[in-house]
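First comes the structure, then the notes that go with it.
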Amino acid sequence: MPPSHLPIPSESKAAESTTRFRQAIAGVDNVGQMLTEAARAFPELVAVAQSPRRPGCGRASYLQMTFRQLDDWACSIAAGFQQAGVPKGARLALLVHPGIDFVALVFALMKAGVVSILIDPGMGKRNLVRCLSEAGPDGIVGVAKAQMLRWLLRNRFRSAKHNFGVGFRWPGLTPIDGFRRLSPQQFDPPAVGREDPASCIFTTGSTGPPKGVLYRHRNFVFQAIEIARHFELPPGSVDISGFPLFALFNVAMGATTVFPKMDFTRPAQVNPKHFIAAIDDWSASQSFGSPALWNTVARYCEQNQIRLPTIQNVLTAGAPVPAHVLARCQAIISDEGEVHTPYGATEALPIACITAREVLAETAAGTVAGRGTCVGRPFPEIEWRIIAISDHPIPDICQAISLPPGEIGELIVRGPVVTDRYLTRPEANALHKIADGSTIWHRMGDVGSLDAKNRFWFCGRKSQRVQTAQGTMFTIQCEAIINQHREIYRSALVGVGPIGSQVPVIVAQPWPEHWPRRRADRDALVKQLLDLTRENSLTRQVKRIYLHKSLPVDIRHNAKIFREQLALWAARQYQREAGPAR
């Protein structure tokens, strides 16, 4: 039986229903209405399921809501916000655990025309407080820890007047659970247009302080349309969520989202048994997760001869995905399945996509040779260009210097999914946005080149390039040379010293099972890696390589390397060394 426990409709009726639903989705102005359209089209389908504390007890043990129940609950919450005096356009920070309430609250805020502030809790207390403070919330919808933090720092959050408790009761707070007594019909939908603000979503801060990106309802609508069109996940399909925000797009496709038992702030530490149990319990057909998550799951499957035959689509993104991860994932899913690596950024997504089959058959060899990581072709509504690298503002597109295919420069994009400004740290707008008449180009901050097939080859972050006296070195190109070594899991190129005369240093992380315990073994491994650098013109300048047990990574995907932090660490190692380079 399918996940909904409903009879399977005829193929023609299912296709007709899906077409009508997607037409309805494309016509909404308020993103919150997408949930209502899904509830109308598929009222009895399971919308969201939340894993029990003890996985392995079967599907019946999951906390579940159908699309109709979820929409009713979101409308009741929206009515509660209105009765509590939260006006349209107010900003409420959402600090809750991934699950049913998270999805319902996001859609409730959008239905009510309230701007949701979304921050990764895993970024740490200091960054979280700074981001919240910069966003200036009119209130916080949060779990006990979040509300306690607000109370302790109440002098920093004087504007936070509308505060709601999720999962607990506390004097002075309005409990969300109290809204269950409200009828969905008590919600009075406000007039919300596509250009109205919908959300403020913070970047990971992997290359600088996290910035709050303004999402308009228009951005979310076109994101949902593009994702549904490209990945063609049919209504009634099941997605095992390794990235909570993707649940919002599942709703737009009429797909079931299952939250497995895991710490979503540490995807690399996922328990493969729990993740696989969720796939098996729901006969899941899709899963979105970071490369770090899928590396853990796929290696476990490989070691234990486990296959996931119901999975038709794996989506993995957040950082360049190594070919070995793609190959492992492709080997454990359905024979007809595809592994996709969507490309984008918090400010603009989805931008492009490529499949593992294309990577393994065509582009992986170029990556190993140091060409970069191919992220594929742009989505239909996306325009992109490569322009000459600049660290300065480019106020107008006529001031940008376009480069031909094959030349490395910085990538700029425009299209309906591209956000037009930052809500916090507005000074960043001048450095990241380029005006072109009534439209805006976003500077992705990524460097690379376009090939003859209009595919983008990602060579690294612009801010992380190493500028030596002999020229510029790009991270992804150089790291690929080191990553060829069978004992190396990943590596990072960083620069030590002043820009223009930086010393290139590579910090390499061996696989845990290959960490050399003796000093002599470490020296031998470093020598082998230096031999690799001498054999390639891209890395010939590298004279120092340091080993590191665990490179620092971002909190959202556990995959983007914090090279700025590593550069400081490498500088300390470099300063300690006496004598000439080895």
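The values are calculated or read from the model by the stated rules, or taken from the named source; none is laboratory data. If you're wondering where the values come from, they're calculated on a predicted model, not measured in any experiment. When we count neighbours, we look across all protein chains shown, and the Cβ atoms used for this are built from the backbone with ideal geometry, even at glycine. Quick note on the areas: whole protein, heavy atoms, side chains included, nothing else; ligands and nucleic acids left out. Shrake-Rupley method; radii C 1.70, N 1.55, O 1.52, S 1.80 Å.
State whether the residues of the stretch 61-73 include one that is in a loop (DSSP other than H, G, I, E, B) and either open to solvent by 40 Å² or more (accessible area, probe 1.4 Å) or in contact with a Cys (Cβ under 7 Å, 6 or more places away or on another chain) (or both). Working first, answer last.
In the first step, residues of the stretch 61-73 are kept if they are in a loop (DSSP other than H, G, I, E, B); the result is 62.
Checking which are either open to solvent by 40 Å² or more (accessible area, probe 1.4 Å) or in contact with a Cys (Cβ under 7 Å, 6 or more places away or on another chain) (or both) leaves us with none.
No, the stretch 61-73 contains no residue that is in a loop (DSSP other than H, G, I, E, B) and either open to solvent by 40 Å² or more (accessible area, probe 1.4 Å) or in contact with a Cys (Cβ under 7 Å, 6 or more places away or on another chain) (or both).
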Residues within the stretch 31-60 that are in a loop (DSSP other than H, G, I, E, B), open to solvent by 20 Å² or more (accessible area, probe 1.4 Å) and closer than 20 Å to Gln223 by Cα, tallied: 0
Counted residues in the stretch 393-429 being open to solvent by 70 Å² or more (accessible area, probe 1.4 Å) and among the acidic types (Asp, Glu) come to 2
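Which residues, counting only those in the stretch 192-221, are over 30 Å from Ile311 (Cα atoms), open to solvent by 10 Å² or more (accessible area, probe 1.4 Å) and at pLDDT 90 or above? It would help to see each step written out before you state the result.
Looking only at the stretch 192-221, we keep the residues that are over 30 Å from Ile311 (Cα atoms), and these are 192-200, 202, 205-218.
Among the residues that remain, those that are also open to solvent by 10 Å² or more (accessible area, probe 1.4 Å) are: 192-197, 205-209, 211, 216, 218.
If the condition is that a residue be over 30 Å from Ile311 (Cα atoms), open to solvent by 10 Å² or more (accessible area, probe 1.4 Å) and at pLDDT 90 or above, then Val192, Gly193, Arg194, Glu195, Asp196, Pro197, Lys211, Arg216, Arg218 are the ones that fit.
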Cβ contacts < 9 Å: first residue touching a residue at least 12 places away in the same chain (Cβ under 8 Å), restricted to the stretch 483-502; second residue of a type in the set (S, T, N, Q) and in a loop (DSSP other than H, G, I, E, B), any location; separation 6+ or different chain. Result? Tyr489/Asn483; Arg490/Asn483; Ser491/Asn483; Leu493/Thr539; Val494/Gln502; Gly495/Gln502; Val496/Gln502
What are the residue pairs meeting all of these: first residue in the stretch 80-109, first residue open to solvent by 10 Å² or more (accessible area, probe 1.4 Å), second residue charged (D, E, K, R) and in a loop (DSSP other than H, G, I, E, B), Cβ atoms under 7 Å, and 6 or more apart or on different chains? Gln82/Asp188; Arg91/Asp138
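Kindly indicate whether Cys478 is more than 22 Å from the chain's Cα centre (by Cα), buried (at least 20 other Cβ atoms within 10 Å of the Cβ) and either closer than 21 Å to Val417 by Cβ or of a type outside the set (Lys, Arg) (or both).
Details: more than 22 Å from the chain's Cα centre (by Cα): yes; buried (at least 20 other Cβ atoms within 10 Å of the Cβ): yes; either closer than 21 Å to Val417 by Cβ or of a type outside the set (Lys, Arg) (or both): yes.
When the stated conditions are applied, Cys478 passes them.
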If I filter the stretch 355-387 down to residues being touching a strand residue (DSSP E or B) at 6+ places or on another chain (Cβ under 9 Å), open to solvent by 30 Å² or more (accessible area, probe 1.4 Å) and not β-branched (Val, Ile, Thr), which single residue comes out as farthest from Asp446 (Cα to Cα)? Arg357
Can you pull out the residues in the stretch 178-191 that are open to solvent by 40 Å² or more (accessible area, probe 1.4 Å) and more than 30 Å from Ile25 (Cβ to Cβ)? Arg181
Does any residue of the stretch 266-286 turn out to be open to solvent by 10 Å² or more (accessible area, probe 1.4 Å), under 17 Å from Ile555 (Cβ atoms) and part of a helix (DSSP H, G or I)? yes
Enumerate the pairs (first residue in the stretch 514-536 and touching a residue at least 24 places away in the same chain (Cβ under 8 Å); second residue anywhere and exposed (fewer than 13 other Cβ atoms within 10 Å of the Cβ) and of a type in the set (A, V, I, L, M)) with beta-carbon separation below 9 Å, excluding pairs fewer than 6 apart on the same chain, so at least 6 apart or on different chains. Pro516/Ala524
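Residues being surrounded by 17 or more Cβ atoms within 10 Å (Cβ to Cβ) and either modelled with pLDDT of 95 or more or part of a loop (DSSP other than H, G, I, E, B) (or both): count how many of those fall in the stretch 148-173.
So in the stretch 148-173, the residues surrounded by 17 or more Cβ atoms within 10 Å (Cβ to Cβ) come out as 149-150, 157, 160, 162-166, 173.
With the extra rule that they be either modelled with pLDDT of 95 or more or part of a loop (DSSP other than H, G, I, E, B) (or both), the set shrinks to 157, 160, 162-166, 173.
The total comes to 8.
In the stretch 247-264, which residue that is open to solvent by 10 Å² or more (accessible area, probe 1.4 Å) and assigned to a helix (DSSP H, G or I) is nearest to Ser61 (Cα to Cα)? Even if it seems obvious, please write down each step before you answer.
Going residue by residue through the stretch 247-264, those that are open to solvent by 10 Å² or more (accessible area, probe 1.4 Å) are 248-249, 261-264.
Next, from what is left, pick out any that are assigned to a helix (DSSP H, G or I): 248-249.
On the way: Leu248: 23, Phe249: 25 Å.
That would be Leu248.
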Specify the residue that is farthest from Trp569 (Cα to Cα); the eligible residues are those in the stretch 492-551 that are over 33 Å from the mean Cα position of the chain (by Cα) and acidic (Asp, Glu). Glu535
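Within the stretch 468-510, which residues are among the hydrophobic types (A, V, I, L, M, F, W, C), out of contact with any Cys (no Cβ under 6 Å at 6 or more places or on another chain) and not in a helix (DSSP H, G or I)?
Within the stretch 468-510, the subset among the hydrophobic types (A, V, I, L, M, F, W, C) is 469, 473-474, 476, 478, 480-482, 488, 492-494, 496, 499, 503, 505-508.
Now restrict to residues that are out of contact with any Cys (no Cβ under 6 Å at 6 or more places or on another chain): 469, 473, 478, 480-482, 488, 492, 494, 496, 499, 503, 505-508.
Ala469, Met473, Ile488, Ala492, Val494, Val496, Ile499, Val503, Val505, Ile506, Val507, Ala508 - these are the residues of the stretch 468-510 that are among the hydrophobic types (A, V, I, L, M, F, W, C), out of contact with any Cys (no Cβ under 6 Å at 6 or more places or on another chain) and not in a helix (DSSP H, G or I).
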Out of all the residues in the stretch 222-247, which are at pLDDT below 95, touching a Ser or Thr at 6+ places or on another chain (Cβ under 7 Å) and among the β-branched types (Val, Ile, Thr)? none
Just a yes or no: is a residue in the stretch 93-100 modelled with pLDDT under 95, in contact with a helix residue (DSSP H, G or I) (Cβ under 9 Å, 6 or more places away or on another chain) and small (Gly, Ala, Ser)? no
